[in-house]
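The values are calculated or read from the model by the stated rules, or taken from the named source; none is laboratory data. Just so we're clear, the structure is a prediction, and the values are computed from it rather than from any experiment. Using ideal geometry, Cβ is built from the backbone for each residue, glycine included, and neighbour counts are taken over all protein chains shown. Heads up: the accessible areas ignore ligands, DNA and RNA and are worked out on the full protein's heavy atoms, side chains in. Shrake-Rupley method; radii C 1.70, N 1.55, O 1.52, S 1.80 Å.
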Amino acid sequence: MFREKNTDENKQYMQFIIFFGILLTLIAGVWSFEIQPWDEALYALRALSIFDTGNLIDQTDGSLGGLYSSTSPPLTIWAIFASMKLFGVNEFSVRLFSLLCSFASTVIIYYITVNFVDKKWALLSPILLNSALIWNNFSRQAMTEIPLITFSLLCFLMVCKLYTNNYYRKNVLYAGVFAISFAAGLLTKITISLFPLLFVLIFLLSKELKEKKRLLLVASLVGILLALPYYLYMINTHGEAYYKALFLPHIANAVEGNSRQSGVFYYINLLLISSPLVVYFFFIFKVFRIKLKDSGRQFSENFFFFANIIAFIAFFLAFSFSITKNPHYLCYMIPFAVMLVVYIISKLSEVQMRRLSVFTLLSLLITALFWSSLYTFRQDFKAFSIFAMPSNIYNLVLIIAIIGVLLFSIKNLHTKLGKMLSSYQFIMFISILLLCRVIYSNLMIDPQIGFSTSSTINYIKYKNISNYTILY
């Protein structure tokens, strides 16, 4: 009894250490680089305009690009404005809301995952989320993506709670939180904020009680009704110009010239650089086989698994085949990719992998770590020629060849390596190494995103220069 209590206390202590460490990672040096173009600066200016105009609903007149720059709903702007009121006009106050939302997502993703895997595996999800370079980068900027994802994840958590709970009063509470979170998302970003309805659709197609389905439908309707007055006001004020902005121009056109030569592979490349452990995705079909063999598997676990797959695929396909491509769009995919990876690895740890599977996984993992860590390797790959193989690629091929020879010649080596590759300790070790990379990037701010603009302005003021030309 005493030993069990001591173990629980150790787990709680570990949770505290992990979450506190992640919070420090997010905050570290966030005030050490200037407001970034383009979106962060526009949102900061919209919040600043409220001080002059007092208009909380529509900041079009105070936006640099007029209506084009103020089509995003104002919830993030309100948060930045409130933060500026409390802490003054500075980089930290502009980014505080995004930081808090990122940390909230960290906590939410843990509480989603812990419903379906052991606590020790669930603790990997916050570390993996925050070890993703892209997630960390945009968590530390005043963007609308991270807040919207936070509200969407909270909606997903409430749907999972509805799925696993059979007490009516609790389900009413979960439905209420879903409605508020859904409304908050609708007041954060246009169109894509309807995404939580995908979870509702999956839930409606399940074999759950009709009572639960009615609750979720009512909650969805309430969420829309709560946000509707803002949209009606904007349509009434700006007419067709605002109405047309709701119809996803990013899919058919390269907005602001943001198209990429890599096409549909753009996000695969970014995902591998940001989170190399996503190579475990290749073993998702093995998890399918495990689930088919285990007829006693809970329906709630199946819901979590398939809802994650559908959410990730929906975002991946939508953004990969749209003409406009931006790195911050990857933030929508990362939380679902992380939860899937944790779930897949936890299931792989329960089975013994064959020799070929171990070789494939180890080769993919080493390649992904090379790809993620070495910029020169990625450049060498672009210029690859079989007749003039770059040293980085040659070294990788040699390493994989040696691993193959050892695996297929030494008896039972694949068993030991298979257990290691799917072990909690190994994944935690790799995750912490990736998180250390993020901590380093946060503390060692790139001078190019430092205070170059502020320095230039101060120099102009100091020299009392009245006429100057800016070359961008």
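Enumerate the calculated ³J(HN,Hα) couplings along segment 27-44 in order (Karplus 6.51 cos²θ - 1.76 cosθ + 1.60, θ = phi - 60°), each rounded to whole Hz, writing x wherever the residue is Gly or Pro.
Karplus-based 3J(HN,Hα) across segment 27-44 equals 7, 3, x, 5, 8, 9, 9, 6, 4, 8, x, 10, 5, 4, 5, 5, 5, 5 Hz.
Is segment 107-185 best put as rounded, prolate or oblate by its Cα gyration tensor, with a ≥ b ≥ c the root eigenvalues, rounded for a/c under 1.5, and otherwise prolate when a/b is larger than b/c, oblate when not? Write down the numbers at each step before the final one.
On the way: a/c = 4.33, a/b = 1.33, b/c = 3.26.
Because a/c hits 1.5 or more and a/b fails to exceed b/c, segment 107-185 counts as oblate.
Count neighbours as other Cβ atoms within 10 Å of each site's Cβ, and list the chymotrypsin sites (Phe, Trp or Tyr not before Pro) in segment 329-426 that are DSSP loop with at most 12 such neighbours. Numbers along the way, then the final one.
Values: sites: Tyr329, Tyr332, Phe336, Tyr343, Phe359, Phe370, Trp371, Tyr375, Phe377, Phe381, Phe384, Phe387, Tyr394, Phe408, Tyr424, Phe426; in loops: Phe384, Phe387.
Sites meeting the loop and neighbour criteria: Phe384, Phe387.
Using the C-alpha atoms of segment 348-424, what convex hull volume per residue, in cubic angstrom, is computed?
Details: hull volume 7.0 nm³, N = 77.
For segment 348-424, the hull spanned by Cα atoms encloses 91 Å³ per residue.
Rg and Dmax of segment 307-361 over Cα atoms: what are they, in angstrom?
Values for segment 307-361 (Cα only, Rg and Dmax): 14.7, 43 Å.
Please express the shape of segment 1-148 as an equivalent ellipsoid: the semi-axes are the square roots of 5 times the eigenvalues of the C-alpha gyration tensor, given largest first in whole angstrom. Let's see the in-between values first.
On the way: eigenvalues 272, 40, 34 Å².
Semi-axis lengths for segment 1-148 are 37, 14, 13 Å.
Give me the mean projected area, in nm² to one decimal, of the convex hull enclosing the Cα positions of segment 33-104.
Values: hull surface 18.8 nm².
Averaging across all directions leaves 4.7 nm² for the Cα convex hull.
Quick one, which of [x] 21, 54, 23, 2; [y] 22, 60, 18, 0; [z] 19, 38, 23, 17, 3 is the actual P(r) over Cα pairs in 20 Å bins from 0, in percent calculated for this model?
The value matching this structure is [x].
If I compute solvent accessible area with a 1.4 Å probe over the protein chains, what percent of it on the chain is carbon and sulfur? Walk me through the numbers on the way to the answer.
On the way: 15900 of 24100 Å².
Within the chain, the accessible surface is 66 percent carbon and sulfur.
Determine which lysines satisfy two conditions relative to Lys189: a Cα distance under 20 Å, and not lying fewer than 8 residues away in the same chain.
Cα-Cα hits under 20 Å: Lys244, Lys325.
When the helix-only estimate is applied to the chain (DSSP H runs of n ≥ 4, each -39,500 (n - 2.57), divided by the residue count), what is the mean residue ellipticity at 222 nm, nearest 500 deg cm²/dmol? Mind showing how you got there, number by number?
On the way: 23 runs with 324 residues, N = 472.
Here the helix-only value at 222 nm equals -22000 deg cm²/dmol.
Could you work out how far the C-alpha centroid of segment 323-341 sits from that of segment 169-229, in angstrom?
So the separation of the two Cα centres works out to 22 Å.
Sketch the reach of a paramagnetic label on Glu34 as a point 7 Å from Cα along Cα-to-Cβ, and name the residues of segment 101-144 whose backbone nitrogen lies under 18 Å away.
Hits in segment 101-144 for Glu34 at 18 Å: 141-142.
Mind ordering 69-80, 121-132 by average Cβ neighbours within 10 Å, highest first?
Numbers: 69-80: 22.8, 121-132: 25.2.
Result, highest mean Cβ count within 10 Å first: 121-132, 69-80.
Just order 272-279, 170-177 by mean Cβ neighbour count inside 10 Å, highest at the front, would you?
Numbers: 272-279: 22.9, 170-177: 17.4.
Answer by packing, highest mean first, reads 272-279, 170-177.
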